[in-house]
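Below you'll find the structure, written out as structure tokens, and then a few comments.
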Amino acid sequence: MDPDSEYTTLLSTLLSTTLSTNTDIVLVVLIVVLLIFTALIAGSEVAFFSLSTKDINYLKQKEEDTHQNVLRLLDNPKRLLATLLIGNNFLSIGVIISTNMLISDLFDIHSIAPALPEAIATLVNVLVQIVFVTFFLVLFGEVLPKVYATQNNLKLSLFTAPFITFLDHIFSPLSNFLVNSTSFIEGRISSKSKKDISNEDVENAIELTVGHSASKQEVNIFKGILKFGEITVKQIMRTRMDVFGLEYNWSYDQMKNQVMETGFSRFPVYEESLDQIKGILYSKDLLSYLDTPNFNWHDLVRPTYFVHESKLIEDLLKEFQHKRIHMAIVVDEFGGTSGVVTLEDIMEEIIGEIKDEFDDDELLLKKIDDNNYIIEGKTLINDACRVLSIPVERFEEVRGESDSLAGMVLEIAGKFPVQNEVFSFENFDFTVLQLDQRRILKIKLTMHDSEENLES
């Protein structure tokens, strides 16, 4: 045999083997990269759509671009889902093609069992590819990332937000086409399908039980439970203007006189202003030292528990139970004191107004007749609606960020009013009865019969 021919054959074999090896390495790297991106998209689908109301409120408090990206993506959930599905399908197809090429190069049933017929050998090759691809794609591209996402939804959402935002821009034409197509189909089908039951439907169903299986008080409790998970601390707290605190530099006699005069069971202790809370003083802790002159009452001050005003009262109730406390100081986004919230405030959202022997008998709401009431401006909208049996949602479009009745009147007016000025919303008239330079003190609420009631 010619030596030159033998050398050429050997070189050709080495080159083909090297090229095959390099191709396999490239395919392995490509498969790993595609699986990583597939896992990120699959996990993001679970992470984004499992964020709770508490998580959304947390994101709204942050100004970082990543947090705002998550909120922007969630503003259009249908488009987000379409983007995730498109990206996942493209990547899955890439994994399947790359894996099949790799298996075809590494595994050949003809070399293992040359006696097998061509048709059976081809079938075995296909089955091996299907099993191998399905195992890796389902395990590493679906199951593991989704299990991780259920436990770390907020963390994963923040991590993948830039990547998903990039895909959203790339696939926007196709995503919009899919969303518009599904909206058209959904519109055609929705008229034939049953409507989802809203909170209002449930409330109407609860109302029907009055006089049958439940009393009016029990119905109000059911309504309170229904809305309990949507109420924030800011909606029920005692505002800063109505907080009675103790100055840290006061003498023992000054402090004792303030405690006896107001009659509360717990007092915030502050230095210079309510923005500098030093702790909480419990009145019962003073009982053993009432006759002790010049007692250092600062030793009785307990640590303070702070909560943000956007915190849901459902979560706060659990924390109160866990920490065995009854009061928290509410702070705003700047760290300043907004007010205080107590366990009693939370429970009143379910069972209604709670009054004990220490509560002031002066009511925030005075009834003139069935249609006219005089209400203090500091009264919370939720409390007024609960007492007057008005759905809180009635004022959603005009209350803005206000939680008190005076704040809502200012939102409706768009200016600071003058005395006896009247502002209307739907079948409600709000007359400003008393004010000072900065606050609306008293409001007269007049409720006119709606057209529906007049017709009936």
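Derivation of every value follows stated rules applied to the coordinates shown; laboratory data play no part. Owing to the predicted nature of the structure, the values given are computational and were not obtained by experimental measurement. Glycine gets a Cβ as well: all are built from the backbone with ideal geometry, and neighbour counts include every protein chain shown.
For Val331, the shell of other residues with beta-carbons less than 13 Å away shows a net charge of -1, using +1 for Lys and Arg and -1 for Asp and Glu. The H on the amide N of Lys311, modeled in the peptide plane, is under 5 Å from the matching H of Val233, Lys234, each at least 5 residues off or on a different chain. For Asn153, neighbours were defined as the other residues whose beta-carbon sits under 12 Å from its Cβ, and their charges (Lys and Arg +1, Asp and Glu -1) total +1. Amide H contacts of Leu246: Val269, Tyr270, each under 5 Å away and 5 or more positions distant or on a separate chain (H built 1.01 Å from N in the peptide plane; Pro and chain starts excluded).
What does the extension gain come out to for Val29 and Glu393, with contour length at 0.36 nm per residue minus their alpha carbon separation? Walk me through the numbers on the way to the answer.
Numbers: separation 364, 0.36 × 364 = 131.04 nm, distance 5.54 nm.
This chain segment gains 125.5 nm when fully extended.
Residue by residue, the range 71-82 carries 3J(HN,Hα) couplings of 5, 5, 5, 6, 5, 10, x, 5, 5, 4, 5, 4 Hz when phi is fed to the Karplus relation 6.51 cos²θ - 1.76 cosθ + 1.60 (θ = phi - 60°); x denotes Gly or Pro.
Legend: distances between Cα atoms for Lys256/Lys323; Lys54/Lys234; Lys367/Lys442; pairs beyond 20 Å are Lys256/Lys323. Annotation: the antiparallel percentage among DSSP beta bridges lying fully within the range 229-351 is about 75. Neighbours of Val432, meaning other residues whose beta-carbon lies under 15 angstrom from its beta-carbon, give a summed charge of +1 when Lys and Arg score +1 and Asp and Glu score -1.
Computed from backbone phi with θ = phi - 60° and the Karplus coefficients 6.51, -1.76 and 1.60, the 3J(HN,Hα) list for the range 90-101 is 4, 5, 4, 4, x, 4, 5, 5, 5, 5, 4, 5 Hz; x is used for glycine and proline.
Karplus-derived 3J(HN,Hα) values for the range 398-410, using 6.51 cos²θ - 1.76 cosθ + 1.60 with θ = phi - 60°, are 10, 6, x, 9, 6, 10, 9, 5, 4, x, 5, 5, 5 Hz; glycine and proline are entered as x.
Taking amide H positions as modeled 1.01 Å from N, with prolines and chain starts lacking one, no residue 5 or more places away or on another chain lies under 5 Å from Asn76.
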